[in-house]
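The values are calculated or read from the model by the stated rules, or taken from the named source; none is laboratory data. Just so it is clear, the model here is predicted, and its values are computed rather than measured. Cβ coordinates were reconstructed from backbone atoms using ideal geometry, including for glycine residues, and neighbour counts include every protein chain displayed. For the accessible areas, the whole protein counts, side chains as well, though only heavy atoms, and no ligand, DNA or RNA atoms are used. Shrake-Rupley method; radii C 1.70, N 1.55, O 1.52, S 1.80 Å.
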Amino acid sequence: MTNVITVSGLSKSFGRTRALDGLNLQVRAGEVHGFLGPNGAGKSTTIRVLLGLLRADSGTVRLLGGDPWKDAVELHRRLAYVPGDVTLWPNLSGGEVIDLLGRLRGGLDPRRRAELIERFELDPRKKGRAYSKGNRQKVALVAALASDAELLLLDEPTSGLDPLMEAVFTDCVREVKEQGRTVLLSSHILAEVEKLCDRVSIIRDGRTVETGTLDELRHLTRTSITAELASPVNGLAGVHDLRVDGSRVSFQVDTDRLDEVLKHLSASGVRSLTSRPPTLEELFMRHYRDESLAGAR
Amino acid sequence: MTGSWALVRLILRRDRFILPLWVVVFGLLPITQTSAIAGLYTGEAELRRFAASMDANPAFTALYGHVLDWNAAALGLWRGGFTPVLVGLAVLLTVIRHTRAEEETGRRELLGSTVLSRHAGLTSALIVTTAASLVIGLIVLATFAAEYPVEGALAAGLGYAGTGIVFAAVGALAAQLTENAGGARGIAIAVLGGAYLLRGAGDTTDASWLSWLSPVAWPQRMRPFAGETWWPFALFVALAAALCCAAYLLAGRRDVAAGLLPPRLGPATAAPALAGPFALAWRLHRGSLLAWTLGFAVLGVVMGAAANAAMSAMAENKRLLDMLARLGGASAQSDMFVAAVLGIFGIAVSGYAVQAVLRMRAEETAQRAEPLLATPATRVAWTASHLVVAVLGPAAVLAVLGLSLGLTYGLGSGDVGTHLPRVLGASLAQLPAVWVLAAVATALFGVLPRLAAAAWGVLAAFLLFGQLGALLDLPEAVLDLSPFTHLPRLPGGDPEFTPYAVLTAIAAVLLAAGVYGFRRRDVAT
């Protein structure tokens with residue numbers, strides 16, 4: 001499978017602030033790639049480098065086979081972008097902005113435009129200054145989704161959307177994926193990423209800390225187990241957050257020790273057992289926790 | 001009133017550089033001009049002759065009002081007759097910046113959710129601008145009282161303070177009318193411009209009552225250093241109070257962020273023409289370009305009429321005509337007037353050019369350039385789309401100015417065929433200097449984007465060089481920095497080729513540097 005985006009060792013500083021510090025990112029053709037990180041981790045900066053709006057200090061960046069800084073115009077014919085904070089021209093209507101951006105990208109399908117406006121329940125006649133944040137976001141989303149771009153760069157695209165509109169957005173991205181197009185979706189909303197993404201890169205402080213499919217990442221984390229036992233269990237080694245309440249135990253276990261711990265449990269006679277795979281939430285929290293530990297040090 | 005003082009501190013914090021700057025500059029301008037005149041014309045005889053020749057010229061009356069007395073202080077205040085207009089401009093912009101502009105951006109909403117009375121925003125903006133007006137008045141009072149009679153100094157100070165207070169109230173009322181700050185600014189500036197034109201009309205015609213309708217004329221109606229009259233100050237107070245009452249009444253009846261004039265819906269689809277960066281730039285610039293063009297068309301008519309009045313007044317005054325004949329004749333005199341007017345207007349049009357260029361920076365920092373530059377539109381095309389307006393827009397404004405001024409002037413003197421092409425040419429001859437200003441702004445935008453707004457400082461410096469350079473005896477090397485210094489004085493002067501070619505070349509180089517710089521730098525995030 002070919003890579004649509006290949007970033008390695010990307011660094012970018014603004015004055016003394018180091019926004020990106022050796023970031024790596026690989027996005028394969030046809031996948032929806034989740035780009036996760038807390039606020040200020042460098043997600044938007046990375047996307048702006050990919051758009052050729054910012055120039056990389058060091059590292060290599062390839063986008064659709066080109067150099068995003070040098071070949072910006074050629075590459076922009078093939079991608080569509082939704083900024084994280086959409087600002088519109090106060091005296092242009094939403095419909096005008098959608099058409100303008102579409103025409104700049106080389107035209108958009110009027111049927112798809114009308115359908116998307118309908119699905120997102122957007123009033124295209126309102127002027128830019130009259131839209132709420134969510135509606136401004138919808139204007140940019142309609143413009144991007146109505147295009148034929150083979151790559152969509154979406155920077156926290158659902159911020160400001162209500163849950164109903166989020167569902168519409170999720171459907172739209174799935175359709176885009178079915179058409180074989182590639183999506184880079186930056187977000188800090190984990191449920192959204194879990195629902196949509198094939199692979200995920202987690203970044204923190206301008207560096208990639210994890211990357212892989214959701215399944216691969218789950219291997220790195222712990223499974224939650226609650227069990228009702230016939231007799232008290234002794235010496236549960238290598239488990240975390242152990243809580244014993246009479247015959248009930250609950251704990252978390254590292255995936256590579258799961259087998260060993262289950263054997264230990266069955267020795268005590270298991271009456272009931274529930275196990276829950278790790279959510280991305282827990283994965284994410286672990287990275288946050290590491291960060292706060294690192295900060296405390 | 002709750003929270004007003006906290007907001008006053010916020011305003012002072014946000015404007016901590018610009019506010020003291022204009023307060024001090026406007027406060028010191030009158031005494032500077034007075035000292036300059038006192039230095040140039042020594043003794044009663046010279047001052048009397050200067051006063052008589054100035055008052056005999058209705059063109060100067062149109063620009064600055066009547067000369068009230070021959071003493072240096074009265075003449076200095078007369079010569080600075082335009083400064084109260086600048087004070088009015090500064091206060092009304094300040095009021096709108098801290099009221100309507102805050103509401104438009106939604107910051108008012110954030111503050112409004114705290115312990116703050118409904119009117120705290122308006123009140124705090126009025127407190128700051130009223131205080132600033134009073135400080136300007138105090139500076140005028142103190143600087144004049146040191147050398148001249150204190151009664152006159154007090155009348156002069158009250159005149160400046162009064163103008164500031166009235167136009168702060170004008171700004172407060174305009175801020176209630178529209179949802180967007182730009183519209184409010186337009187309304188308030190139109191009122192200020194109308195007041196200035198009304199004063200000019202009243203002072204140069206028989207309908208002198210017209211001037212009484214204009215707050216811009218009231219400082220002179222207090223007759224500082226010319227037998228002071230105090231009661232016109234009551235006019236300032238009464239008008240400001242009435243305008244403020246209206247503003248508070250409207251503010252109390254409307255929703256936060258709503259205007260009195262309702263917003264309209266736009267088209268659901270874009271017109272076929274709105275299809276590229278150039279179409280968008282035209283859409284963004286057309287309103288202000290139209291306003292500038294119309295404004296200068298009106299100014300051209302007014303100044304053309306003033307030049308005509310000057311001609312006929314001089315024709316009646318035999319002794320003055322003889323004196324002028326020795327200086328090159330009456331037509332040379334009115335040419336000088338037209339040239340002086342065009343010189344000032346050229347700098348004003350540069351203001352338009354700088355604003356058009358800096359629109360790019362505003363688009364960039366508001367993140368509105370980003371989605372465009374993420375399309376196949378190139379950076380050069382995007383920059384060029386704004387620069388076309390900044391380069392050709394001033395040409396359109398100056399052409400319309402030249403046409404209206406030349407036509408009025410030509411019709412009055414009965415010789416359109418001669419005067420129209422001369423005046424039109426002279427007006428367009430300002431362009432190379434205007435382009436240099438546009439190019440300075442572009443270069444700053446491309447190379448030192450954070451300092452882009454410094455283009456306004458450059459423009460202000462050139463304006464000061466032109467207006468005060470000779471009076472302040474600035475060294476020639478400094479005056480030569482201004483492109484306007486190098487323009488031949490037209491009509492009447494010798495239209496040399498070299499300065500135009502050199503200025504255009506400088507502008508071209510700076511423009512290219514700006515575009516090149518922007519191609520290579522990061523887009524602001």
Legend entry - Unmet criterion (only one of (1) open to solvent by 50 Å² or more (accessible area, probe 1.4 Å); (2) more than 9 Å from every other protein chain (Cβ to nearest Cβ)) for residue A:126: (2)
Inset, instruction - Exactly one condition in (1) buried (at least 22 other Cβ atoms within 10 Å of the Cβ); (2) within 14 Å of chain B (Cβ to nearest Cβ) is not met by residue A:4; state its number. - result: (2)
Inset, instruction - Please work out if residue B:490 is farther than 30 Å from residue B:30 by Cβ and at pLDDT 90 or above. - result: no
Inset, instruction - Please identify the pairs in which a residue from segment B:417-445 that is not assigned by TED's automatic domain parsing to the domain that holds residue B:515 has its Cβ atom under 9 Å from the Cβ atom of a residue that is modelled with pLDDT of 95 or more, counting only partners at least 6 apart or on another chain. - result: none
Inset, instruction - Please find, within segment B:366-393, the residue that is nearest to residue B:522 (Cα to Cα) out of those that are within 7 Å of chain A (Cβ to nearest Cβ) and among the small types (Gly, Ala, Ser). - result: B:374
Legend entry - Failed item, numbered, when residue B:146 is tested on (1) touching a helix residue (DSSP H, G or I) at 6+ places or on another chain (Cβ under 8 Å); (2) open to solvent by 60 Å² or more (accessible area, probe 1.4 Å): (1)
Inset, instruction - Would you please list the contacts, defined by Cβ atoms under 6 Å and residues six or more apart or on different chains, that run from a residue in segment B:50-78 that is of a type in the set (Val, Ile, Thr) to a residue that is part of a helix (DSSP H, G or I)? - result: B:61/B:203; B:61/B:204; B:67/B:51; B:67/B:54; B:67/B:55; B:67/B:78
Legend entry - Residue within segment B:260-273 that is more than 20 Å from residue B:394 (Cβ to Cβ), buried (at least 20 other Cβ atoms within 10 Å of the Cβ) and either touching a Pro at 6+ places or on another chain (Cβ under 8 Å) or touching a residue at least 12 places away in the same chain (Cβ under 8 Å) (or both) present: no
Legend entry - Candidate set: segment A:75-102, residues that are assigned to a helix (DSSP H, G or I) and farther than 14 Å from residue B:372 by Cα; chosen: the one farthest from the other protein chains (Cβ to nearest Cβ): A:94
Legend entry - Which numbered condition residue A:70 fails, given (1) at the interface with chain B (Cβ under 7 Å from one of its Cβ atoms); (2) farther than 17 Å from residue B:367 by Cβ; (3) surrounded by fewer than 24 Cβ atoms within 10 Å (Cβ to Cβ); (4) not hydrophobic (A, V, I, L, M, F, W, C): (1)
Inset, instruction - Give just the number: which of (1) more than 9 Å from chain B (Cβ to nearest Cβ); (2) part of a loop (DSSP other than H, G, I, E, B); (3) on the phi < 0 side of the Ramachandran plot; (4) not hydroxyl-bearing (Ser, Thr, Tyr) does residue A:154 not satisfy? - result: (2)
Legend entry - Among residues of segment A:13-59, those that are more than 17 Å from the chain's Cα centre (by Cα), open to solvent by 10 Å² or more (accessible area, probe 1.4 Å) and not aromatic (Phe, Trp, Tyr), counted: 13
Legend entry - Residue in segment B:74-114 that is nearest to residue B:27 (Cα to Cα), counting only those that are within 14 Å of chain A (Cβ to nearest Cβ) and either of a type outside the set (D, E, K, R) or not in a helix (DSSP H, G or I) (or both): B:101
Legend entry - Subset of segment A:42-67 (residues that are more than 8 Å from chain B (Cβ to nearest Cβ) and of a type in the set (S, T, N, Q)): A:46, A:58, A:60
Inset, instruction - Please determine, by comparing only the residues of segment A:103-115 that are more than 9 Å from chain B (Cβ to nearest Cβ) and part of a helix (DSSP H, G or I), which one is surrounded by the fewest Cβ atoms within 10 Å (Cβ to Cβ). - result: A:111
Inset, instruction - Starting from residues that are β-branched (Val, Ile, Thr) and open to solvent by 10 Å² or more (accessible area, probe 1.4 Å), keep the ones in segment B:327-355 and report whichever is modelled with the highest pLDDT. - result: B:347
Inset, instruction - Of the conditions (1) open to solvent by 50 Å² or more (accessible area, probe 1.4 Å); (2) under 28 Å from residue B:305 (Cα atoms); (3) aliphatic (A, V, I, L, M), residue B:63 clears all except one; give me its number. - result: (1)
Legend entry - 1 or more residues over 22 Å from residue A:97 (Cα atoms) and open to solvent by 20 Å² or more (accessible area, probe 1.4 Å): qualifying helices (runs of 4 or more DSSP H) within segment B:356-434: B:379-413, B:416-428
Inset, instruction - Only residues that are open to solvent by 50 Å² or more (accessible area, probe 1.4 Å), farther than 19 Å from residue B:86 by Cβ and free of Cβ contacts under 8 Å to residues at least 24 places away in the same chain: list them for segment B:194-220, please. - result: B:205, B:206, B:208, B:209, B:212, B:213
Inset, instruction - Could you tell me whether segment A:157-170 includes any residue that is assigned to a helix (DSSP H, G or I) and buried (at least 21 other Cβ atoms within 10 Å of the Cβ)? - result: yes
Inset, instruction - Kindly indicate the residue of segment B:491-525 that is of a type in the set (Gly, Ala, Ser) and either without any contact (Cβ under 8 Å) to a residue 12 or more places away in the chain or in a helix (DSSP H, G or I) (or both) and also farthest from the other protein chains (Cβ to nearest Cβ) among those meeting that condition. - result: B:501
Inset, instruction - Quick one: residue A:132 ticks every box in (1) loosely packed, with under 15 Cβ neighbours inside 10 Å; (2) within 11 Å of chain B (Cβ to nearest Cβ); (3) under 20 Å from residue A:150 (Cα atoms) except a single one, so which number is it? - result: (3)
Inset, instruction - Being open to solvent by 10 Å² or more (accessible area, probe 1.4 Å) and in contact with a helix residue (DSSP H, G or I) (Cβ under 6 Å, 6 or more places away or on another chain) is the filter here, so list the residues in segment B:100-114 that pass it. - result: B:101, B:102, B:104, B:108
